[in-house]
Structures are given as C-alpha cells and as structure tokens.
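The values are calculated or read from the model by the stated rules, or taken from the named source; none is laboratory data. Note that the structure is a prediction, hence the values are computed from the model and not measured. Here the Cβ positions follow ideal geometry from the backbone for every residue, glycine too, while neighbour counts run over all protein chains shown. Each accessible area value is taken on the protein alone, full model and side chains, heavy atoms only, with ligands, DNA and RNA left out. Shrake-Rupley method; radii C 1.70, N 1.55, O 1.52, S 1.80 Å.
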Amino acid sequence: LMLYRDLGRTHLRVSVAGLGTGGPARIGQSAGLPEAESHRLVRQALDEGINLFDTSPAYGRSEELLGGALAGVPRDRYVLATKFPPYQGGAVAEDPEALMRTLEASLRLMRVEYIDVLQYHGVRPQTYRAVIDRFYPVAMLAKEQGKIGYIGITETAADDPEHCMLETALAEDLFDTCMIKHGILNQVPAQRVLPLAEAHRVGVFVMASVRRSLRSPEEALATFREMESQGLVEGLSVTPEDPLGLAAVAQPVPSLTRAAYQFAAQSQAVSTVLVGTGNIEHLRQNVADILSPGLSAEQMAHLQRTFGHLSWPT
C-alpha cells in the first residue's frame, strides 16, 4: 500500500512516490511512445496510489499529456505541481506578467481550474534575488485569484552543487515547497537544507535520486570508475552483484535502485521522491522499491561514510 506524507505546511497529503514528467524519460516522450501509452502510464500511477504529478512547460508535451490522462479523474484525487521557467535566453525574463501567461497556458493544457503548487523552475544562486523580486507579486496575485494553491522553488543541481540557492530561499521563508537533488551520491542537503526545510515546515520534493548514475549496476560501476579517476573516491569494494558494497556491513543486500530510492526517502523532511519513467513495469518496480522495508542502520551508515562527501551532477 502507498504511504502518504504531509507536504510541509500545505494542507496536502502526497504519496511518498511521485511521478515526475521530466528527466530522461518524460513519461514516454523521449522514446516516442504513442500518446495513449503515456496516458496509460499516468493512469497506472494512480492505480499504484501515486497522487502527486510534477511537470513543467519545459518538459515537451508533458503538461498536455497529463491533462489528457487525468481528464475525468476527480480533481481531489491528485495533486498537480508545475513550474514557471523564469529565464529567457539565459537571463531573467524581463516581463513580470510572463508568469501569469505561462500559468494560464499550463491551466489550459492540463484542463484544470487551479494548480496545487507552482514552482519557480531551476533558479540559480546568482539570480535568485532578481527572480523573486520580479515575479513574487504576480505569483501572489495568482494565488489570490485561486489559480494556484501554493508556491515552491526548484534548484538547478548542476550549477549549484552546494545548494546555496535553497539555503537562502528557505531562510527567507517565502516558499511552501522546494525541490532538491538528494540521494546516495548527493548527501550534502542532509547537512543544512533538509533541516532548514523541516524547521520551516517546507514540503520537499526529491529529484534525480537515480537519474543517470544509479539505474543499473553497470552504470554505477562506470560512475565509480569516473569518480576514482577524478580522485573523488578510492578503494571502493564493489562488484556488479553488490555495486554499493553493502554486503560488507549487513544482509540482505537490496537492489541498486531499491537502495537509491530508499536512501532518498529515509529522511522525514522529504515529502515525496519523484520517479521518472515511460515504462509501466519500471513504474511498478520504482514504487515497490520506495515502499520496501528500509535500509538497515548499518547500511545507511556505510553509504553516508562512503559517499557522503559527494555532489555528483548526474
């Protein structure tokens, strides 16, 4: 059975597994899946107990596909989170009304009257202040008009490995939710960002806990070889059967993806861990991974000791 957690200080309860429509898969768009198959994937997510769907205008036709898949589903059965991309040509967009135009397009594409969470998308530390000052009044107006319920912010992991933007944003306490890259190879958030989110009762979406580095044992071993060549790790005792070296501390050894999703979901500061796929079997497996019995204390400690210093970008 699906587990649900409070989304911070919002009045929403969300599934601990959420369906992300970006990333490499984009609910089947990247593989050229027919629209009907993407719809079937979203419906299967509902059947699995997933009630949180995260999307963005930047994810191809994801908003439109979600709108089609959820047509006819009672609106109180799901939580929709989309985004406003605040940049244009690499700089902060100049017109504050761009937020309202983008939001109204999202509402039309998803065939809904309101969006539960509107998030500023991929905000960089150096332009955080400009983004907030320019668009905050328009976002608040959209909230007053009932077009959105809550306001969130997402980081750009590749440009901000130390999560500086979120530290600033959480300290200012302007946001109901945030999205962060967190997992076995990105544990830095556990030091400051997750405790800050918990203190301010901000809901946390975790992205990219598996992404392009931990999808398979072969991929993980290639990632670790690259890390060793860069001097980031040394002396790892890993094999294709046990790519994280967990057998040395405790049995049973979970699968790679199970360990990755379990690690990401372990903190009670985390509201939901996003999974991204275009494949129904993968979706079922990802949900089972997140809901399975947790890693042992010894295994968690091993992963923290071995990989806790990393901020791996992919």
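Length gain on complete extension for the stretch ARG201 to ARG40, per 0.36 nm per residue less the alpha carbon to alpha carbon distance?
On the way: separation 161, 0.36 × 161 = 57.96 nm, distance 3.43 nm.
Going from the current span to full extension adds 54.5 nm.
Ordered by solvent-accessible area of protein heavy atoms (1.4 Å probe), largest first, the residues CYS164, CYS178 come out as CYS164, CYS178.
What number, in percent, do you get for the relative contact order of the stretch 30-97 if the mean sequence gap of Cα pairs under 8 Å and at least 6 apart is divided by its residue count? Relative contact order of the stretch 30-97: 35 percent.
Summing +1 for each Lys or Arg and -1 for each Asp or Glu among the other residues whose beta-carbon sits under 13 angstrom from that of ALA247 gives -3. Counting protein heavy atoms only, the chain has 50 percent of its accessible area on carbon and sulfur, 1.4 angstrom probe. Ordered by 1.4 Å accessible area with all protein chains kept, ARG75, ARG258 run largest first as ARG258, ARG75. Ordered from longest to shortest, the equivalent ellipsoid semi-axes for the stretch 72-216 are 25, 19, 15 Å, each the square root of 5 times a Cα gyration tensor eigenvalue.
Inverting the pair-averaged 1/r between distinct Cα atoms of the stretch 10-123 gives 14.6 Å as its Kirkwood hydrodynamic radius. Short-range pairs are left out: with C-alpha atoms under 8 Å and at least six residues apart, the relative contact order of the chain is 22 percent. Extension gain, THR127 to ARG212, is 27.9 nm, computed as 0.36 nm per intervening residue step minus the present C-alpha separation. When all protein chains stay in place and ligands, DNA and RNA are ignored, the 1.4 Å accessible-area order of HIS11, HIS39, HIS282, largest first, is HIS11, HIS282, HIS39. Its convex hull of Cα atoms gives the chain a direction-averaged projected area, equal to a quarter of the hull surface, of 15.5 nm². Between the C-alpha center of the stretch 143-191 and that of the stretch 256-314 there is a gap of 19 Å.
Could you work out the relative contact order of the stretch 1-124? I mean the mean sequence separation of Cα pairs under 8 Å and 6+ apart, divided by the number of residues, in percent.
23
Summed over the residues of the stretch 18-125 and divided among them, the accessible surface reaches 40 Å² per residue at a probe radius of 1.4 Å.
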